[in-house]
Amino acid sequence: MSVENKTCPTTDDDVTFYQEHGFIQYPQFFSGSEVEELRGAIDEAIEQNRERIVGAPGGGRSSKEYEQVFNQMVNLWRDFPLVKCFAHNAALAESARRLSGSRHVRIYHDHAMVKPGGEESRATNWHQDAPFWPMDSVGALSAWIAVDDVCIENGCLQFVPQSHKFGLQEGIALAKEGDSIVDKMKARGHTVQDPVAVEMAAGGVTFHHGCNFHFAGPNQTENRRRAFAIIYIPDHIKFTGGSEAAGAGDEMKAGGPWDHPVHPILAGNS
Ligand SMILES: O=C(O)CCC(=O)C(=O)O
């Protein structure tokens, strides 16, 4: 079966679970052979030395430290047709629409995140995504596809259940290595649950809310850990201006809708 003909697996119970916990896992959203094609396209992008953000100064790459967290490549759907089948996948987008309780969802951007293996690999520090996104209000979410089998050892995602209920936490965009998010959140009066590590085989997908605190450890294996994520914007969310990764920031009005060809509606009605 082609990935384009998939059926959306998201049930009402899933929606309840996601809204309560701020994340959900679909262990076999894609089959091993389906995801193999995506893996090949990501490898080709690495081979071509694809910029992080096409056209940005210095290709959008910042520091060696960042590259030790991952080689991130944004909006691969725009130059790799095969990647578009995943980034614009109707079943994934429909799951995002149902989970977020929206009339429709648009794509913000996709991004491959390739965590290098070996001693230099660094953790993806605890963070919420929402502070990085030029959006108001909160409610946008990500689908994260395991392109390789992922486990704690190679940097699977770990989520703090219910932490999306803390709302957008100003001043904690990205914890520093060794920083305790738990202590910071406790100091702000929140009860913090133990993180849940989501190990899964390649093809599995997790969705997480933009305010959910999550983390991935360093990749302690010798092989790269490839993941591919898509960020979805529910219909009620406005563009707040700026942002390099938006790709069309100069062509959209701050305070307006995300109505632009690089952010098409992927599920639901306008
Ligand atoms: O893949 C990772 O290491 C981090 C992913 C992440 O933070 C995200 O998709 O929001």
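The values are calculated or read from the model by the stated rules, or taken from the named source; none is laboratory data. The structure displayed is predicted, hence computed values, not measured ones. A quick note on method: Cβ atoms are made from the backbone with ideal geometry, for glycine too, and the neighbour counts reach across all protein chains shown. These accessible areas exclude ligands, DNA and RNA; they are computed on the full protein's heavy atoms, side chains included. Shrake-Rupley method; radii C 1.70, N 1.55, O 1.52, S 1.80 Å.
Out of the residues in the stretch 94-110 meeting the condition of being small (Gly, Ala, Ser) and within 16 Å of the ligand (Cβ to nearest atom), tell me which one is farthest from residue 144 (Cα to Cα).
Among residues in the stretch 94-110 that are small (Gly, Ala, Ser) and within 16 Å of the ligand (Cβ to nearest atom), the one farthest from residue 144 (Cα to Cα) is 100.
Write out, first by first residue and then by second, each pair whose Cβ atoms fall under 7 Å of each other, whose residues are 6+ apart or on separate chains, and whose first residue, in the stretch 148-164, is among the small types (Gly, Ala, Ser) while the second is surrounded by 23 or more Cβ atoms within 10 Å (Cβ to Cβ).
The qualifying pairs are 155/115; 155/216; 155/219; 155/225; 163/22; 163/212; 163/213.
Using the structure shown, decide if residue 138 is more than 11 Å from the ligand (Cβ to nearest atom), crowded, with 16+ Cβ neighbours inside 10 Å, more than 21 Å from residue 83 (Cβ to Cβ) and β-branched (Val, Ile, Thr).
yes
If you check every pair at least six apart or on different chains, which have Cβ atoms under 7 Å apart with a residue in the stretch 199-218 that is farther than 13 Å from residue 169 by Cβ and in contact (Cβ under 8 Å) with a residue 12 or more places away in the chain first and a residue that is polar (S, T, N, Q) and open to solvent by less than 10 Å² (accessible area, probe 1.4 Å) second?
Final answer for the pair search is 207/95; 207/142; 208/142.
Name the single residue, out of those in the stretch 157-175 being crowded, with 22+ Cβ neighbours inside 10 Å and within 11 Å of the ligand (Cβ to nearest atom), that is farthest from residue 225 (Cα to Cα).
Taking the stretch 157-175 first, the residues crowded, with 22+ Cβ neighbours inside 10 Å are 157, 159-160, 163-164.
Checking the rest, the ones that are also within 11 Å of the ligand (Cβ to nearest atom) come to 157, 159.
Details: 157: 11, 159: 18 Å.
Within the stretch 157-175, the match that is farthest from residue 225 (Cα to Cα) is 159.
Is the stretch 184-192 home to any residue that is crowded, with 21+ Cβ neighbours inside 10 Å, in contact (Cβ under 8 Å) with a residue 24 or more places away in the chain and not aliphatic (A, V, I, L, M)? Give the derivation first.
Restricting attention to the stretch 184-192, the residues satisfying the condition of being crowded, with 21+ Cβ neighbours inside 10 Å are none.
Checked against the condition, which is being crowded, with 21+ Cβ neighbours inside 10 Å, in contact (Cβ under 8 Å) with a residue 24 or more places away in the chain and not aliphatic (A, V, I, L, M), the stretch 184-192 yields no hits at all.
Based on this model, can you work out whether residue 171 counts as closer than 30 Å to residue 255 by Cβ, under 15 Å from the mean Cα position of the chain (by Cα) and in a loop (DSSP other than H, G, I, E, B)?
So residue 171 does not fit the description; no.
Okay, residues lined up against (1) out of contact with any strand residue (DSSP E or B) (no Cβ under 7 Å at 6 or more places or on another chain); (2) of a type in the set (A, V, I, L, M); (3) open to solvent by 10 Å² or more (accessible area, probe 1.4 Å); (4) within 14 Å of the ligand (Cβ to nearest atom):
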site	(1), (2), (3), (4)
84	yes, no, yes, no
112	no, yes, no, yes
115	no, no, no, yes
132	yes, no, yes, yes
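Of the residues 227, 246, 216, which is within 30 Å of residue 9 (Cβ to Cβ), open to solvent by less than 10 Å² (accessible area, probe 1.4 Å) and modelled with pLDDT under 95?
Every option except 246 fails the conditions.
I'm trying to understand the selection: among the residues of the stretch 1-25, which are under 26 Å from residue 215 (Cα atoms) and open to solvent by 20 Å² or more (accessible area, probe 1.4 Å)?
Listed by number, the residues that qualify are 9, 13, 14, 15, 16, 17, 19, 20, 21, 25.
Rundown of residues vs (1) open to solvent by 50 Å² or more (accessible area, probe 1.4 Å); (2) within 25 Å of residue 76 (Cα to Cα); (3) at pLDDT 95 or above; (4) not in a loop (DSSP other than H, G, I, E, B), yes/no style:
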{"residue": "182", "(1), (2), (3), (4)": "yes, no, no, yes"}
{"residue": "202", "(1), (2), (3), (4)": "no, yes, yes, no"}
{"residue": "220", "(1), (2), (3), (4)": "yes, no, yes, no"}
{"residue": "231", "(1), (2), (3), (4)": "no, yes, yes, yes"}
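What number of residues in the stretch 118-130 are more than 11 Å from the ligand (Cβ to nearest atom) and open to solvent by less than 30 Å² (accessible area, probe 1.4 Å)?
Selection size over the stretch 118-130: 1.
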